[in-house]
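Quick notes on the structure that follows.
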Amino acid sequence: MKKVNGHEIIGLFEQYSPKSYAMEGDKIGLQLGSLSRTVENVMIALDVVEEVVDEAIANNVQLIIAHHPPIFRPLKAINMDTPAGRLLEKLIKHDIAVYAAHTNLDVAVGGVNDLLAEALGLQNTEVLYPTYETVLKKLVVYVPAEDAASLRQALGDAGAGAIGKYSHCTFSSSGMGQFLPNEDANPHIGKVGTLESVAEERIETIFPEHLEKSILRAMFKAHPYEEVAYDLYELANKGETLGLGRIGEIAEMTLEQFAAYVKDRLEVKGVRVVGDLNDKVKKVAVLGGDGNKYYMSAKHKGADVYVTGDMYYHVAHDAMLAGLNIVDPGHNIEKVMKKGVSQKLTEMAELKGWNVKIFPSALNTDPFQFL
């Protein structure tokens, strides 16, 4: 199996959670360390606190992928006598890199909010608050007919040709390619100085812009020619609309029953509830983290209840006046990303035959207790 470095791990992760998805000003990306070193163990964490760093050290981790950035505000100094300074010192001394994926992971398909919707069993889900529309591009590449099938497979495996519920979508047409290798060429077909004509296929496929680098790498690797003839076009077609939060449906129950359901499904010891406990709940909006800004989006989309964390006192009053029920299970419900990201990234790494272990942090980093 192939050994990999941090750049390769993060490149794989960003295939489904690219930086371009993040909200403006968010503190994402590499926060500490180097991605150039070989990585054998990757830990997925919600928060990077000192206990999590100790856990990483004990498990010989070289890379932590965290949801909450440990460096969120600009640092004026790194004082090793402070808790924050000790944390950074431990990471540096043990060569542990930290990469943060915050709102980009909230927005991503299969990210935090999809994982929360899945945990709650929501059906017929859609984006609650749109923030991003993917840009689509088309790749056209010419390849000898006998190599067309393997190239189509490589492009599809890299993410090209995904349309709705279908993958590996391409269109091919046949024609004749012509070229004259010069004296410095090392042609796959033909001879230097001789004009050559080859039966070729023109392969067309589409892809979201953030996958361009990985798809081109796959194309160059699979293509037999030393000089690949290809074209890229930006399309007017609308891509997928992505954003914060999800809204969907569950079997009808009372708000009181739903609050108990949330406690069970999201594995929390308590929730705060706003609204009449006898109200009927069927349409549910959920948004991981601090969802105060988006409660009216839930109301406008017809939600009976809004599940989110960190609700402010006065915002809760405003929601009551608007007729929107709220269940607040806390910010820590975003812990679903630890297992979810670990599983997805492990599957992607296994497909590539990489020798790397990816696992979730086992620690509970919720600072709150219910007595």
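Structure values in brief
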item	result
Neighbours by Cβ (under 6 Å, 6+ apart or cross-chain): first from segment 179-202, of a type in the set (D, E, K, R); second surrounded by 15 or more Cβ atoms within 10 Å (Cβ to Cβ) and assigned to a loop (DSSP other than H, G, I, E, B)	E196/G190
Of all residues making up segment 103-135, the number that are over 18 Å from the mean Cα position of the chain (by Cα) and aliphatic (A, V, I, L, M)	2
P74 vs. criteria within 14 Å of M337 (Cβ to Cβ) and of a type outside the set (D, E)	no
Extreme residue, surrounded by the most Cβ atoms within 10 Å (Cβ to Cβ), among residues of segment 349-371 that are part of a helix (DSSP H, G or I) and modelled with pLDDT of 95 or more	A349
Candidates G323, G275, G302, G330, filtered to the one that is modelled with pLDDT of 95 or more, open to solvent by less than 60 Å² (accessible area, probe 1.4 Å) and either polar (S, T, N, Q) or under 20 Å from D47 (Cβ atoms) (or both)	G330
Qualifying residue in segment 266-275 (condition: closer than 28 Å to T365 by Cβ, hydrophobic (A, V, I, L, M, F, W, C), touching an Asp or Glu at 6+ places or on another chain (Cβ under 7 Å) and in a loop (DSSP other than H, G, I, E, B))	yes
Residue match in segment 298-311 (condition: in a strand (DSSP E or B) and basic (K, R))	no
Residue selected from segment 214-251 under the condition aromatic (F, W, Y) and touching a strand residue (DSSP E or B) at 6+ places or on another chain (Cβ under 7 Å), by the criterion surrounded by the fewest Cβ atoms within 10 Å (Cβ to Cβ)	Y233
Yes/no for D231 being of a type in the set (D, E), over 30 Å from A303 (Cβ atoms) and touching a residue at least 24 places away in the same chain (Cβ under 8 Å)	yes
Scan of segment 278-299 for residues that are more than 22 Å from the chain's Cα centre (by Cα), open to solvent by less than 10 Å² (accessible area, probe 1.4 Å) and over 13 Å from P329 (Cβ atoms), ordered by number	V281, A298
Test: D26 is open to solvent by less than 40 Å² (accessible area, probe 1.4 Å) and charged (D, E, K, R)	yes
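Condition check ((1) among the acidic types (D, E); (2) in contact (Cβ under 8 Å) with a residue 60 or more places away in the chain; (3) more than 20 Å from A56 (Cα to Cα)) across all residues:
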{"residue": "H331", "(1), (2), (3)": "no, no, yes"}
{"residue": "K335", "(1), (2), (3)": "no, yes, no"}
{"residue": "K338", "(1), (2), (3)": "no, yes, no"}
{"residue": "E347", "(1), (2), (3)": "yes, no, yes"}
{"residue": "K352", "(1), (2), (3)": "no, yes, yes"}
{"residue": "F359", "(1), (2), (3)": "no, yes, no"}
{"residue": "D366", "(1), (2), (3)": "yes, no, no"}
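The values are calculated or read from the model by the stated rules, or taken from the named source; none is laboratory data. These figures come from a predicted structure and were not determined experimentally. Ideal geometry is used to build each Cβ from the backbone, glycine not excepted, and the neighbour counts take in all protein chains shown. Surface areas here come from the heavy atoms of the whole protein model, side chains and all, with no ligands, DNA or RNA. Shrake-Rupley method; radii C 1.70, N 1.55, O 1.52, S 1.80 Å.
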